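Notes follow the structure.
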Amino acid sequence: MDSHRWWREAVVYQVYLRSFADGDGDGIGDFRGLIRRLSYITELGVDAIWLSPCFRSPQRDSGYDVADFMAIDPVYGTMADFEAFVDAAHSVGLRVLLDLVPNHVSSDHEWFRAALSGGDAQARARFFFRPGSGPGEPPNNWQSVFGGSAWSVADDGSAEWYMHSFDASQPDLDWNNADVLEHFDVVLRHWFDLGVDGFRIDVAHGLLKADGLPDWPGTEDGTGGHNRAQWDQPAVHDVYRRWRGIASSHPTGEKYLVGEVWVPSRDRMHRYVRADELHHAFEFDLLVQPWSAPRFRETIDRILRDQPPEGPVWTLSNHDVHRTVTRYGQTQVLDRPDPTDMLAAARRRGPVDVELGTARARAALLLLLALPGAVYLYQGEELGLPEVLDLPDSARTDPVWSRSGGAQLGRDGCRVPLPWSRTQRYFGFSTMEPWLPQPDGFGAFAADDQIADPGSTLTLYRSAIASRRSLFRSDPGLEWLPSPPNVVAWRRGDSSCVVNFGTKTVLLDTDDAAPLASAAAIERHDRVVHLVPQGALWARGEVGFVDRRAHGSRQTTPDAAREELQSTAI
Ligand code: NOJ
């Protein structure tokens, strides 16, 4: 495999292992199932797989609660199964990224157990144990991302509290502690030596906390609730310099690091992707945008004008946010400032127009793949799966659901096991009842039917990923094309991308429209292409917008354009 900065233009497919394919019939996805279905991923045409956490874990937060960073969770298979997967992936040219969770461990991790049972100072120093600030009062006012206080009373008779930025079962590590720092060096090297090509770093901005753990005065500084004592400390960068050193000097070639970095400004984000730190950090700003041409254009423009050195990483979906079909099929709120937290796109909202959401999600894919930089796709998006909003309460497993007392649905709905076959039991995912129930209607999205259907979302993904290489890969720049206000259009190299966010068909003048449409078949009259609302098109060469009056149709006046803009707030 050519290892020269492969990540810069990569398409990476996120496998949520638990829900991908079950190979041993226990209702939970695993490595054997993944190996059996690997050709599905190669046929998608992606460059790499990002695997959600697969280390030993009691799974109270789906593996983001690690009990042993050096071991594979038996529910996913053995170490031999893992190695067989890495070999199989490499043999078909796929790189493998694992998910590292350094901010916290599981309360089942031997370090935390030792810290609780013995009360030994050295064991406790790897975590944040503190006395309360008063009777029944936690040490400070910090909040858990999952809701409620970031502190719980230790269950060891000490009357001290311990900190957890997420669930109470995920105690935060103290990264000032040398044991912690040194252990992760060993962890990185261990998996790199086994052939892993890189890591996605969970909560990369969280590892250090402000000295003295001071109370946070609140949100009046306009950072949207981002607690600057709890997150994004300057010393965190020393950790990434150390890790970049390990990644760059690996004897088999440079390994890759991509961070989940939720910080309130580009300036802060840039600090994580300096030449000697992480290679990449996700651009979540696009993911949190409503479906609106001005908002998308402005966000893309802002990111491209101020790019990280290794280029941007685009994504619209992952295991923490409601699926795009559902998000874009709901009321689009245009007048809210960008949220700065990871659960922003996983909040309960109103009814869903699945047809509209599907058309928009398909258009969004073409938009994403035509951008310069890397693209991360989340499993199931290629099937056009909607979020499963009506899971039975008893089936929900996400701590966000339980800690919010059901006020937030949480993230189970985007983690429902994939439908492989319309006719098989459990839609071919498993021979036993899956860990999360699949809705009856899931068969309509089955992969086997979609493979054979030229109009399916899966076919769109396959052909778009393949065409991206020839159409857009070469040119790092992007030139905006003049377009009506509800349309986003740019040229990159020899090709153009046009997305119609509005409610009216737009007419394009082009001499070579590539046969890729998101919502409906492209209607073409000589040089003029009719791009329907929520349609997207890739074309070779530049496209122009045709005056609709010249074609017997109303011209888009500024007033009418404003009207269209408002009507996207359905
Ligand atoms: C971010 C991960 O993506 C999410 O799934 C997890 O719950 C939190 N970090 C805590 O590890």
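So which residues in segment 45-75 are of a type in the set (Ser, Thr, Tyr) and either within 17 Å of the chain's Cα centre (by Cα) or open to solvent by less than 10 Å² (accessible area, probe 1.4 Å) (or both), if there are any at all? Step through it out loud before you land on a result.
Just the residues of segment 45-75 that are of a type in the set (Ser, Thr, Tyr), to begin with: 52, 57, 62, 64.
The answer is SER52, SER62, TYR64.
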Legend entry - Count - residues of segment 407-417 that are more than 12 Å from the ligand (Cβ to nearest atom) and either open to solvent by 10 Å² or more (accessible area, probe 1.4 Å) or at pLDDT below 95 (or both): 3
Inset, instruction - Could you check TYR64 against (1) closer than 25 Å to ASP412 by Cα; (2) in a helix (DSSP H, G or I) and say which number it fails? - result: (2)
Inset, instruction - Answer yes or no: is there a residue in segment 23-42 that is surrounded by fewer than 23 Cβ atoms within 10 Å (Cβ to Cβ), over 28 Å from GLU433 (Cβ atoms) and at pLDDT 95 or above. - result: yes
Inset, instruction - Only residues in segment 283-297 that are within 15 Å of GLN307 (Cα to Cα) and in contact (Cβ under 8 Å) with a residue 24 or more places away in the chain count as the first member; pair them with residues that are part of a loop (DSSP other than H, G, I, E, B) and open to solvent by less than 10 Å² (accessible area, probe 1.4 Å), Cβ under 6 angstrom, at least 6 apart or cross-chain, and list the lot. - result: GLU283/PRO312
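Could you tell me which of the residues THR423, THR397 is within 16 Å of the ligand (Cβ to nearest atom) and surrounded by fewer than 20 Cβ atoms within 10 Å (Cβ to Cβ)?
Details: THR423 fails: within 16 Å of the ligand (Cβ to nearest atom).
Matching residue, one of THR423, THR397: THR397.
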Legend entry - Condition met for GLU298 (among the acidic types (Asp, Glu), closer than 30 Å to ASN177 by Cβ and either open to solvent by 10 Å² or more (accessible area, probe 1.4 Å) or more than 16 Å from the ligand (Cβ to nearest atom) (or both)): no
Inset, instruction - Starting from segment 135-146, take each residue that is away from the ligand (no atom under 15 Å from the Cβ) and list its partners that are open to solvent by 70 Å² or more (accessible area, probe 1.4 Å), counting only C-beta distances under 6 angstrom and pairs at least six apart or across chains. - result: PRO139/ARG130; PRO139/SER133; ASN140/ASP215; ASN141/ASP215
Legend entry - Test: residue in segment 270-290 that is among the hydroxyl-bearing types (Ser, Thr, Tyr) and in contact with a strand residue (DSSP E or B) (Cβ under 7 Å, 6 or more places away or on another chain): yes
Legend entry - TRP314 being closer than 18 Å to ALA370 by Cα, out of contact with any Gly (no Cβ under 7 Å at 6 or more places or on another chain) and surrounded by 21 or more Cβ atoms within 10 Å (Cβ to Cβ): no
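Residue under question is SER149, and the condition is that it be among the hydroxyl-bearing types (Ser, Thr, Tyr), within 16 Å of the ligand (Cβ to nearest atom) and either open to solvent by less than 50 Å² (accessible area, probe 1.4 Å) or farther than 15 Å from ASN103 by Cβ (or both); does it hold?
Working: among the hydroxyl-bearing types (Ser, Thr, Tyr): yes; within 16 Å of the ligand (Cβ to nearest atom): no; either open to solvent by less than 50 Å² (accessible area, probe 1.4 Å) or farther than 15 Å from ASN103 by Cβ (or both): yes.
No; evaluated as a whole, the condition is false for this residue.
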Inset, instruction - List every residue pair whose Cβ atoms lie under 6 Å apart, where the two residues are 6 or more positions apart in sequence or sit on different chains, the first residue falls within segment 227-251 and is among the small types (Gly, Ala, Ser), and the second residue, located anywhere, is open to solvent by 40 Å² or more (accessible area, probe 1.4 Å). - result: ALA229/PRO214; ALA229/TRP216; SER248/GLU254
Inset, instruction - Confirm whether TRP50 is at pLDDT 95 or above and either more than 16 Å from the ligand (Cβ to nearest atom) or in contact with a His (Cβ under 8 Å, 6 or more places away or on another chain) (or both). - result: no
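Sort through ARG130, ARG200, ARG126 and tell me the only one that's more than 29 Å from the chain's Cα centre (by Cα) and buried (at least 20 other Cβ atoms within 10 Å of the Cβ).
Going through ARG130, ARG200, ARG126 in turn, the sole match is ARG126.
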Legend entry - Residues located in segment 340-358, provided they are in contact (Cβ under 8 Å) with a residue 24 or more places away in the chain, in a loop (DSSP other than H, G, I, E, B) and open to solvent by less than 60 Å² (accessible area, probe 1.4 Å): THR340, ASP341, MET342, LEU343, VAL352
Inset, instruction - Kindly list the number of the only condition in (1) more than 16 Å from the ligand (Cβ to nearest atom); (2) open to solvent by less than 30 Å² (accessible area, probe 1.4 Å); (3) not small (Gly, Ala, Ser) that fails for PHE112. - result: (1)
Inset, instruction - Could you tell me which numbered condition ASP155 fails, if it satisfies all but one of (1) under 30 Å from LYS255 (Cα atoms); (2) away from the ligand (no atom under 16 Å from the Cβ); (3) open to solvent by 20 Å² or more (accessible area, probe 1.4 Å)? - result: (1)
Inset, instruction - Inspect segment 187-195 for any residue being farther than 26 Å from ASP108 by Cα and hydrophobic (A, V, I, L, M, F, W, C) and give the result as yes or no. - result: no
Legend entry - Selection count, segment 445-494, where residues are at pLDDT 90 or above, open to solvent by 50 Å² or more (accessible area, probe 1.4 Å), assigned to a helix (DSSP H, G or I) and among the basic types (Lys, Arg): 1
Inset, instruction - Those residues that are aromatic (Phe, Trp, Tyr) and either in a loop (DSSP other than H, G, I, E, B) or surrounded by fewer than 24 Cβ atoms within 10 Å (Cβ to Cβ) (or both), I need them from segment 158-172; list them, please. - result: TRP161, PHE166
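Conditions (1) more than 16 Å from the ligand (Cβ to nearest atom); (2) closer than 19 Å to ARG266 by Cβ, marked per residue:
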| position | (1), (2) |
| --- | --- |
| GLY311 | yes, yes |
| ASN318 | no, no |
| ASP335 | yes, no |
| GLU355 | yes, no |
| LEU365 | yes, no |
| GLN379 | no, no |
| SER402 | no, no |
| GLY405 | yes, no |
Inset, instruction - Tell me which of these HIS104 doesn't satisfy, since it passes every other one: (1) away from the ligand (no atom under 15 Å from the Cβ); (2) open to solvent by less than 10 Å² (accessible area, probe 1.4 Å); (3) closer than 19 Å to MET70 by Cβ. - result: (1)
Legend entry - Filter result for SER430 (farther than 20 Å from THR358 by Cα, open to solvent by less than 30 Å² (accessible area, probe 1.4 Å), small (Gly, Ala, Ser) and out of contact with any Leu (no Cβ under 6 Å at 6 or more places or on another chain)): yes
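Among the residues of segment 76-100, which ones are more than 12 Å from the ligand (Cβ to nearest atom), among the hydrophobic types (A, V, I, L, M, F, W, C) and crowded, with 19+ Cβ neighbours inside 10 Å? Step through it out loud before you land on a result.
Taking segment 76-100 first, the residues more than 12 Å from the ligand (Cβ to nearest atom) are 76-98.
Filter again for among the hydrophobic types (A, V, I, L, M, F, W, C), leaving 79-80, 82, 84-86, 88-89, 92, 94, 96-98.
Once the filter is applied, which keeps residues that are more than 12 Å from the ligand (Cβ to nearest atom), among the hydrophobic types (A, V, I, L, M, F, W, C) and crowded, with 19+ Cβ neighbours inside 10 Å, segment 76-100 yields PHE82, PHE85, VAL86, ALA89, LEU94, VAL96, LEU97, LEU98.
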Legend entry - Where ALA361 falls short, out of the listed (1) within 25 Å of LEU478 (Cα to Cα); (2) open to solvent by 10 Å² or more (accessible area, probe 1.4 Å); (3) at pLDDT 95 or above; (4) out of contact with any helix residue (DSSP H, G or I) (no Cβ under 7 Å at 6 or more places or on another chain): (4)
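The values are calculated or read from the model by the stated rules, or taken from the named source; none is laboratory data. Note that the structure is predicted; figures quoted are calculated from it, not measured. As a convention, Cβ positions derive from the backbone with ideal geometry for all residues, glycine included, and neighbour counts pool all protein chains shown. The accessibility values were calculated without ligands, DNA or RNA, using every heavy atom of the protein model including side chains. Shrake-Rupley method; radii C 1.70, N 1.55, O 1.52, S 1.80 Å.
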